[in-house]
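The values are calculated or read from the model by the stated rules, or taken from the named source; none is laboratory data. If you're wondering where the values come from, they're calculated on a predicted model, not measured in any experiment. Every residue, glycine among them, receives a Cβ derived from its backbone with ideal geometry; neighbour counts consider all protein chains shown.
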Amino acid sequence: MVRRSATGSPPIPLHGGGRSSTEADNPRSSRRRVIQLQPVPAGRLLTVYLTLCLALTGLAGRLAWLQVKEGDRLQQRARAIQTQKTKPIGKRRPIVDRKGRLVALDEERFTLWAHPRYFNFPGDDPNLIRSSSDTVEKLAKVLLVPAADLMRTIDGRKTGVKLATDLDPETARRLRELGISGLDLEPYPQRIYPQGQLFANVVGFLNLERVAQAGLEQSRDKDLRRQETTRQMRRGADGTPLPDGLQAGVLYTDDLRLQLTLDARLQQVAQQALARQLKQWKAKRGSAMVMDVRNGEMLALTSIPSYEPNKFWKFSPGLFREWSVQDLYEPGSTFKPINLAIALQEKAIQPNGTVNDVGQLTIGGWPIFNHDRRANGILDFATVLQVSSNVGMVQAMRRLKPSIYWEWMRRIGIDTVPDTDLPGAVAGELKTREQFTTQPIEPATAAFGQGFSLTPLKLLQLHAMLANGGRLVSPHITRGLRSGDSLAPAPAASGLQLMQPAVTKQVMDWLETVVEKGSGKGVQVPGYRIGGKTGTAQKALNGVYIPGARITSFVAHLPIDDPRFVVLVVVDEPQGGNAYGSTVAVPAAKEIIEALLVLEKVPPSTGKKPAGQPTVRG
C-alpha cells in the first residue's frame, strides 16, 4: 500500500531498505550531488592575494637581477656558444738571401691522433666500429711503419692515441684520402732551414718549443713573428657563419719576409774554400767575410766549424755563436795599414817618407824585432808593408804623439761596440789613456797590431774605411722586411767621414804593392788590381802569449781603381812551421775573390790587361 504525502511529493516506500524503480533504471541520478556554497573567509583570500603578489615580485626581481647584474656575464656565455674562435699558431716570417733564395721558413707539419672507438671506413654502416688491426693495416702503408709497432702504441686504448708526429703535408694528404673516421691530423708550424749549415752561424735556429736560441732568429725575434690575431666568427643555431662576426682586417695576410744582404752562392764558395784550408792546416777554426765598402753590406760571413740548425740537438752549444763577431784577438800586421793612415792623417809621416829598419829595437826595456829578425835598412812605407816590418812600423808611429795616437784609436772605435745588426757584437779592448801615454811599450806594440784586441768584424770595418775614402760604415747583414716577392735595393753610400780621401788612397796604393811584390802575391787575378795585407799574430790568453799558437789572416781590397769590396780571412791556430797568412789565409781569399768578381760582374781594372774570366769553384 502506498501512502501519498500531503504535499504531493513522490511516494515514499514503506520498506526502509528498498529503492524506487526510477533510481534503479537511471544510474546517473545516483552520482548527482548538491554542493552547498559557503562564503570564503576573508583571511584566506588575503593569504592567496599576498602569495601571488610575493611570487610576482620575486619573478620581477629575478628578471631584474638577470638583466642588470648578470646580463653581461650571460651575454658573454651566449656569444661564446655562438662564436667560433681560431687562435694563431705562432707562424714566423721567412728569411731570404739578397737574391730571394729561402734561408729559413715555416713549413706545416702534422701530428696524427687516433680514436679507436670511432674507427669506421668509407662505405661502412655508420654504427659499425672497425677493429684497430684493420685500421693499422691501412695506416702502416702510408706511415711506412710496421703495423705491429702501431698496434703496440694503441694497446687497447679507446681514444687520444698519438700515432705519429712531424708528418709532412704530402703524408697528411694521403692520410686524409683514406677517409677513416677516428683519425685527427693536428697541424703545427716547424722551422726549416733549407740551406743547412750555410747560414747557421748568422741565422741561428728555434728549439723544439719554437723559442729562438741564436743568431738573427733571436736578435730579430719580434720582427720575425707574423702579425697574427685571434679570429672570431659568429654562427647561427645551425652552425651557419654570420657575416656580422668578422672584424675589419681580420683576414689580412702577412706576407712579409726578412731579406739578408748575404749571397748564398758566395757564402758557399767561402765556406768550402775555408774548410779546405782548415783541413789542410789542421786549424782550430776559421772565418771568412766579404763586405761592400760603400754601404757596409756583408755579402758573405761564414765560420767553421758550424752546425746543422735542422738537427741542432746533435751539436755542442759552443758552436751556436759567431766567434768572428764576439771573440777578440790581436790583429797583428793586418792593422799596420790602419796605423799608417792615422800617421798620414796627422801628417806625422809623408807619402814619400822613409824609416830605418835596424832589425831590432828596445822600448822601455822590452825587445822588439821583425818576424824574421832581419834588418831591412832604409824603407819607404810601401816596402814596410811588403816585408811587414815591425821595426819600421815602430819607427813610423813614434813620430806621432802617444796621446794623439790613443785618441785616434778611440775615434775609430777600437773599444766600442760596432754599429751593426749582427747579434752579439762586442767591443774591443784598449789600454787606458794613462797606460798608453806613460808606458812607451804600449804605442810601440800597437804600431804592429799587438797590445790591444778587436774582433775580425771590427778589422773588416776599418779596412772598408780605407777602401771607401775614409768613411766608417756600419757592417750589417739585413736589408729589412719586404712584402711578397719584392726585393730591397742596395742602400746608398753612407758612413761617418773620419779620414781624408787622399790619405786612404795613398794607403791603398801601398797595399796594391803588397799583392804585386810582397806576401800577397798568391791572391793575384789577371786583369784586376787588388790590394791586401797578410798577418801572422801571436795568440794571447789572459794577457799571456801562448807558445806556438798563432792567428793567420789576410785582408784584400778590390778593385783598387774603384774600391767596392773588402775580403777578410782569419784562421785560428793552424799547425805547421810554415803556417803564415800568406800560406794559410791567402789561398782561401783568392777563391772567394774569383767567385766575387764573377757573381758581382766586376769589370776588369783600368790599366790592366784583361785575362780569362775567373771561375766560381763550387
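The numbered conditions (1) surrounded by fewer than 19 Cβ atoms within 10 Å (Cβ to Cβ); (2) over 30 Å from residue 220 (Cβ atoms); (3) not hydrophobic (A, V, I, L, M, F, W, C) are all true for residue 415 except (2). Filtered by the rule that a residue be part of a loop (DSSP other than H, G, I, E, B) and either under 27 Å from residue 473 (Cβ atoms) or modelled with pLDDT under 95 (or both), segment 400-419 gives 400, 412, 413, 414, 415, 416, 417, 418, 419.
All of 473, 523 fail the test of being under 21 Å from residue 297 (Cα atoms) and in contact (Cβ under 8 Å) with a residue 60 or more places away in the chain, apart from 473.
The set of residues in segment 402-412 being without any contact (Cβ under 8 Å) to a residue 40 or more places away in the chain and surrounded by fewer than 18 Cβ atoms within 10 Å (Cβ to Cβ) consists of 403, 407, 410. Considering only segment 513-522, state which residues are surrounded by fewer than 22 Cβ atoms within 10 Å (Cβ to Cβ) and under 39 Å from the mean Cα position of the chain (by Cα). Answer for segment 513-522, where residues must be surrounded by fewer than 22 Cβ atoms within 10 Å (Cβ to Cβ) and under 39 Å from the mean Cα position of the chain (by Cα): just 522.
Please tell me if residue 279 is without any contact (Cβ under 8 Å) to a residue 24 or more places away in the chain and either under 21 Å from residue 94 (Cβ atoms) or hydroxyl-bearing (Ser, Thr, Tyr) (or both). Talk me through it step by step, then tell me what you get.
Numbers: without any contact (Cβ under 8 Å) to a residue 24 or more places away in the chain: yes; either under 21 Å from residue 94 (Cβ atoms) or hydroxyl-bearing (Ser, Thr, Tyr) (or both): no.
When the stated conditions are applied, residue 279 does not pass them.
Of the residues making up segment 467-512, those that are among the hydroxyl-bearing types (Ser, Thr, Tyr) and either surrounded by 14 or more Cβ atoms within 10 Å (Cβ to Cβ) or in contact with a strand residue (DSSP E or B) (Cβ under 7 Å, 6 or more places away or on another chain) (or both) are 474, 478, 483, 504. Taking segment 431-449 as the range and being of a type outside the set (Phe, Trp, Tyr), in contact (Cβ under 8 Å) with a residue 60 or more places away in the chain and either surrounded by 22 or more Cβ atoms within 10 Å (Cβ to Cβ) or within 16 Å of residue 395 (Cβ to Cβ) (or both) as the test, the residues that pass are 440, 441, 444, 445, 446, 447, 449. Scanning segment 342-381 for residues that are of a type in the set (Lys, Arg) and surrounded by fewer than 14 Cβ atoms within 10 Å (Cβ to Cβ) turns up 347, 373. The set of residues in segment 513-529 being in a helix (DSSP H, G or I) and in contact with a helix residue (DSSP H, G or I) (Cβ under 7 Å, 6 or more places away or on another chain) consists of 513, 514, 515, 517, 521, 522, 523.
Count, please, the residues in segment 530-551 that happen to be assigned to a strand (DSSP E or B) and at pLDDT below 90. Within segment 530-551, residues that are assigned to a strand (DSSP E or B) and at pLDDT below 90 number 11. Scanning segment 470-489 for residues that are modelled with pLDDT under 90 and of a type in the set (A, V, I, L, M, F, W, C), which turns out nearest to residue 255 (Cα to Cα)? Among those that are modelled with pLDDT under 90 and of a type in the set (A, V, I, L, M, F, W, C), it is 487. Does residue 211 count as among the hydrophobic types (A, V, I, L, M, F, W, C) and in contact (Cβ under 8 Å) with a residue 12 or more places away in the chain? No: the conditions fail for residue 211.
Considering only segment 571-605, state which residues are among the aliphatic types (A, V, I, L, M) and farther than 15 Å from residue 263 by Cα.
Taking segment 571-605 and keeping what is among the aliphatic types (A, V, I, L, M), we get 571, 579, 584-586, 588-589, 592-593, 595-599, 602.
Once the filter is applied, which keeps residues that are among the aliphatic types (A, V, I, L, M) and farther than 15 Å from residue 263 by Cα, segment 571-605 yields 571, 579, 584, 585, 586, 588, 589, 602.
Evaluate the following for residue 339: is it surrounded by 19 or more Cβ atoms within 10 Å (Cβ to Cβ) and under 28 Å from residue 513 (Cβ atoms)? For residue 339, the condition - surrounded by 19 or more Cβ atoms within 10 Å (Cβ to Cβ) and under 28 Å from residue 513 (Cβ atoms) - is met.
Applying the set (1) in contact (Cβ under 8 Å) with a residue 24 or more places away in the chain; (2) in a loop (DSSP other than H, G, I, E, B); (3) not hydroxyl-bearing (Ser, Thr, Tyr) to residue 427 leaves exactly one unmet item: (1).
Kindly indicate the residue of segment 476-512 that is without any contact (Cβ under 8 Å) to a residue 60 or more places away in the chain and not in a loop (DSSP other than H, G, I, E, B) and also farthest from the chain's Cα centre (by Cα) among those meeting that condition. Checked segment 476-512; the qualifying residue farthest from the chain's Cα centre (by Cα) is 502.
Matching residues to (1) of a type in the set (Gly, Ala, Ser); (2) under 22 Å from residue 328 (Cβ atoms); (3) touching a strand residue (DSSP E or B) at 6+ places or on another chain (Cβ under 6 Å):
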site	(1), (2), (3)
565	no, no, yes
568	no, yes, yes
572	no, yes, yes
578	no, no, no
594	no, no, no
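Answer yes or no: is there a residue in segment 107-114 that is of a type outside the set (Asp, Glu), part of a loop (DSSP other than H, G, I, E, B), surrounded by fewer than 18 Cβ atoms within 10 Å (Cβ to Cβ) and touching a residue at least 12 places away in the same chain (Cβ under 8 Å). No; the residues of segment 107-114 include none that is of a type outside the set (Asp, Glu), part of a loop (DSSP other than H, G, I, E, B), surrounded by fewer than 18 Cβ atoms within 10 Å (Cβ to Cβ) and touching a residue at least 12 places away in the same chain (Cβ under 8 Å). Only strands (runs of 3 or more DSSP E) whose full extent lies in segment 260-370 are considered here, and the ones with at least 2 residues that are within 28 Å of residue 465 (Cα to Cα) are 285-292, 298-304, 354-357. With respect to residue 422, is the statement that it is buried (at least 21 other Cβ atoms within 10 Å of the Cβ), assigned to a loop (DSSP other than H, G, I, E, B) and touching a His at 6+ places or on another chain (Cβ under 9 Å) true? Against the criterion (buried (at least 21 other Cβ atoms within 10 Å of the Cβ), assigned to a loop (DSSP other than H, G, I, E, B) and touching a His at 6+ places or on another chain (Cβ under 9 Å)), residue 422 qualifies.
Which of the residues belonging to segment 563-582 are touching a residue at least 24 places away in the same chain (Cβ under 8 Å) and of a type in the set (S, T, N, Q)?
Taking segment 563-582 and keeping what is touching a residue at least 24 places away in the same chain (Cβ under 8 Å), we get 563-576, 579-582.
Across segment 563-582, the qualifying residues are 575, 582.
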